[in-house]
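Just below is one structure, and these are the notes that go with it.
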Amino acid sequence: MRAGSALARLLWLRTAAQRCRLACKESVPRARLLEPRSGGCRWQSSLMAQYGTEQRGQLHSPDYRLYFKNPKGKYISPFHDIPLCVGPNEDVEIPAKRSKISENEILFNMIVEVPRWTNAKMEIATKEPLNPIKQDVKKGKLRYVANIFPHKGYIWNYGAFPQTWEDPSCKDDHTGCCGDNDPIDVCEIGSQIRHTGEVVQVKVLGLLGLIDEGETDWKIIAISANDPDSQKIHDIEDVRKFKPGYLEATVDWFKLYKVPDGKPENQFAFNGTFKDKAFAFEIIKSTHEHWKALVHKKANGGAIKCTNLLVDTSPYCCNENDIQAIVQSAPPAVEEHSVSKEADQWHFLGRG
């Protein structure tokens, strides 16, 4: 999923449009980028686009779903229809691993699933048409991430990059494990607490290689482009300098977060060492290529749903009426909700 030697600061958008091309050598056509428009519902505005969300069902219940709308108010898939890269046209180049990348690099769209300090395990429903956000369910129970002292819930805004896929049939050369069958995960370390369904433009800083129950589960470390600290944080070493302890806490969190559920500690690629953004770009680019194969039916996605509105070269592209029918079949929104008491429990784990 993840150039020129110089892209203009955050106002690079116009000039970058002329030289940006998806670094894909295969003949699979590219998805269209959404154009900016005004709209209703709950909208998130950015430099180039606005996205809306529509709730169905009751929050913190098994039937909760959060559907996405494009700037024209049409329902879309956040997995397939929101572009990976931010830019004014459809072709945006993902820098190669060994390119010299300045602080003014390309921006990516991040879909926020879980706001910082919250516990409900919200995720893009990859196996449902239009891929709304839902709360994960395990063994018939809604899933909440445990509070492991001194952490409370998720310690970053947690989400995923659209148009990426960690292919479960491909063994990663770096980890020796296959992908986890999901879009690539993102930990956004900015100062603002985001909300579920928000689309945030981020700059990539680096990456952590998690081995989660035997599957490769890359964790991109990123920061919102409009965060005050983004002007001084450009790579993973800058995180160590300006947010001391954050990376160590991130390793600790991912290592232990399933232990309260009776599972063993997670393992890491590279002995838990963070890789820089050049390496992260390589992984992003690879997962974007896997997604392109998936959405064009060149890879076996199993139960994954590739229903989309805007990838018109995909055999899964649907018309607006069929897509609207998917949303209308979901239960209507219910405003009242309550959070499970387990979201307030603390777990104190001994460190050996």
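The values are calculated or read from the model by the stated rules, or taken from the named source; none is laboratory data. Note that the coordinates shown come from a computational prediction; the quantities given were computed from them, not determined experimentally. Backbone-built Cβ (ideal geometry, glycine too); neighbour counts: all protein chains shown.
Go through the stretch 164-196 and report how many residues are buried (at least 23 other Cβ atoms within 10 Å of the Cβ) and under 15 Å from F281 (Cβ atoms).
3
Give me a count of the residues in the stretch 184-196 that are acidic (D, E) and part of a loop (DSSP other than H, G, I, E, B).
0
Matching residues to (1) modelled with pLDDT of 95 or more; (2) part of a loop (DSSP other than H, G, I, E, B); (3) among the β-branched types (V, I, T); (4) in contact with an Asp or Glu (Cβ under 9 Å, 6 or more places away or on another chain):
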site: K72; (1), (2), (3), (4): no, yes, no, yes
site: P78; (1), (2), (3), (4): yes, yes, no, no
site: S99; (1), (2), (3), (4): no, yes, no, no
site: S102; (1), (2), (3), (4): no, yes, no, no
site: I106; (1), (2), (3), (4): no, yes, yes, yes
site: G153; (1), (2), (3), (4): yes, yes, no, no
site: Q163; (1), (2), (3), (4): yes, yes, no, yes
site: H174; (1), (2), (3), (4): no, yes, no, no
site: D182; (1), (2), (3), (4): yes, yes, no, yes
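Surrounded by 15 or more Cβ atoms within 10 Å (Cβ to Cβ), at pLDDT 95 or above and farther than 16 Å from L210 by Cα: is that true of I223 in this structure?
Answer is yes for this residue.
Only residues that are part of a loop (DSSP other than H, G, I, E, B) and either closer than 18 Å to S338 by Cα or out of contact with any Phe, Trp or Tyr (no Cβ under 8 Å at 6 or more places or on another chain) (or both): list them for the stretch 117-144, please.
So in the stretch 117-144, the residues part of a loop (DSSP other than H, G, I, E, B) come out as 117-119, 121, 125-132, 136, 139-140, 143.
Hits for the stretch 117-144 are W117, T118, N119, K121, A125, K127, E128, P129, D136, K139, G140, R143.
So which of E198, E248, E213 ends up being of a type in the set (D, E) and more than 28 Å from K292 (Cβ to Cβ)?
Matching residue, one of E198, E248, E213: E248.
Looking only at the stretch 145-162, which residues are aromatic (F, W, Y) and over 19 Å from the mean Cα position of the chain (by Cα)?
Listed by number, the list holds a single entry, F149.
If you check P162, P129, which single one turns out to be farther than 18 Å from I193 by Cα and touching a Ser or Thr at 6+ places or on another chain (Cβ under 6 Å)?
Step by step, each of P162, P129 is checked, and only P129 is farther than 18 Å from I193 by Cα and touching a Ser or Thr at 6+ places or on another chain (Cβ under 6 Å).
Tally time: how many residues in the stretch 197-211 are outside any strand (DSSP E or B) and surrounded by fewer than 23 Cβ atoms within 10 Å (Cβ to Cβ)?
Adding up the residues that qualify gives 1.
Residues that are within 20 Å of the chain's Cα centre (by Cα) and closer than 27 Å to A120 by Cα: find the helices (runs of 4 or more DSSP H) completely inside the stretch 216-323 holding 3 or more of those. Show your work before the answer.
Details: elements: 236-242, 246-256, 277-295.
The helices (runs of 4 or more DSSP H) meeting that bar are 246-256, 277-295.
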